[in-house]
Each structure stands twice: as structure tokens, then as C-alpha cells.
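Trainee: After the C-alpha cells below, expect a handful of questions from me.
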Amino acid sequence: MTSAITDLNNRSRARPLSLLASAAIAAVLAVAPAHAEDLIVKYDQSQLLRLPRAASEVIIGNPAIADVSVQAGNLLVVTGKTFGITNIIALDAERNVIQDQRILVRRDDVKVVNLQRGTERQSYNCTPQCNPSITVGDEQKYFDSISRASQSKIGFSSREADSAQQTGNQ
């Protein structure tokens, strides 16, 4: 009986230690530095990438992570769409590689507050007062609610702009 209790105590101590070890590994990976050659783009923001010469074709490894548009031939605008790592390959007219660039899309944590309730998260942008914002990974009900409110506001603004334009044309 005593050995069963000792075994149970050892196993119950091992679980928190393994959870602690898992949390420590996750924390290290979360703050691990990017490679020197990575282009770091913030989620829902854009970053410029200047190529040494004009590109005729641009290939995105995973278009769900980042989007790119070509400006003036050798200037790329890279927009972070969701978190992750992908790459962009720029080719010239002869299909030679001009640049193969790794893209790391991260969250902009400056002035962002996360409200964590168990496994559910809500994000707020605090510049200077805290307002709801949605980020991939937020609790679904919260995400949907804020998304609907944003779409409603955009629709209202569009209707107002359209009616102002029609009034000006008369």
C-alpha cells in the first residue's frame, strides 16, 4: 500500500514538472530571435522589401500567411495576414532568382492587452485607452461580435459617403 501511495505521489509531482517543462519550452520558442535574413512583418501591417533589380514574377510560399504587391518593379509591399513563417521568391524576366526571402509574421504586442479566461482570450488595443480588437486565436464568440460591429461600422460609413457623394452630384 505504501509503495502505491509513493508511486501516486511521484506521478502527481511529475505532471506539474512536465507541464512546467512544456511551458518553458513554449516560452523559449515564442521569444526565439528571428534569423538575421528574415523579414519580420507584423500581423495586419505592411513592410517594404526593396529588391536589387526589377522582378517580373513573385511567388509566395503560403499566401494565407502573407500577401505581396509589386510597386515600381523592384519594391514589394508585404502584408502580414496571419501568424507564421513563409517565403517570397522574386524572379526576373529570365526566371532567375533575384531574392528568396523568409517572411516571419508576428503579432504587434506594443500597447496590446490580452484578457485570458482559462483557455479563452480577448484582445484589446490600448492606444491610449483600451478598445476591443480581434486577433486570430481570440475566443470565437468575442471574435464574431467584434467582427460584426466592425463590419456594421464600415457599412454605415460607406452608406454615409455614398449619400454625401449623391447629394454633391445633384
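Since every read-out is calculated from the coordinates, none of them should be taken as a lab result. No experiment lies behind these values; they were computed from the predicted model shown. Using ideal geometry, Cβ is built from the backbone for each residue, glycine included, and neighbour counts are taken over all protein chains shown.
Trainee: Suppose a student asked you for the relative contact order of region 39-106, using Cα pairs under 8 Å spaced at least 6 residues apart; what percent would you report? Please list the in-between numbers first.
Mentor: On the way: 175 pairs, mean separation 27.1, N = 68.
Normalised by residue count, the contact order of region 39-106 is 40 percent.
Trainee: In addition: Going Cα to Cα from Lys153, which lysines come in below 21 Å? Please leave out same-chain ones fewer than 8 positions away.
Mentor: Within the straight-line cut-off, Lys153 pairs with Lys141.
Trainee: Placing +1 at every Lys and Arg Cβ and -1 at every Asp and Glu Cβ, with all other atoms neutral, what dipole size does region 39-106 have around its Cα centre, in debye to the nearest 20?
Mentor: Values: 7 positive and 6 negative charges, 48 e Å.
Dipole about the Cα centre, nearest 20: 240 debye.
Trainee: Among Thr86, Ile60, Val97, whose Cα lies farthest out toward the positive end of the dipole of region 47-107, if unit charges sit on the beta carbon of Lys, Arg (+1) and Asp, Glu (-1)?
Mentor: Looking along the dipole axis, the top candidate is Thr86.
Trainee: Work out the charge dipole of region 44-170 with +1 on the Cβ of Lys and Arg and -1 on the Cβ of Asp and Glu about the Cα centre, then indicate which of Phe156, Ser133, Asn74 is farthest towards its positive end.
Mentor: Of the candidates, Ser133 comes out farthest on the positive side.
Trainee: Would you mind computing the Rg to Rh ratio of region 112-165 from its alpha-carbon coordinates, Kirkwood style for Rh?
Mentor: Looking at region 112-165, the ratio lands at 1.13.
Trainee: Tally Lys/Arg at +1 and Asp/Glu at -1 over every other residue whose Cβ is under 15 Å from the Cβ of Ile65; what's the total?
Mentor: Around Ile65, the charge tally is +2.
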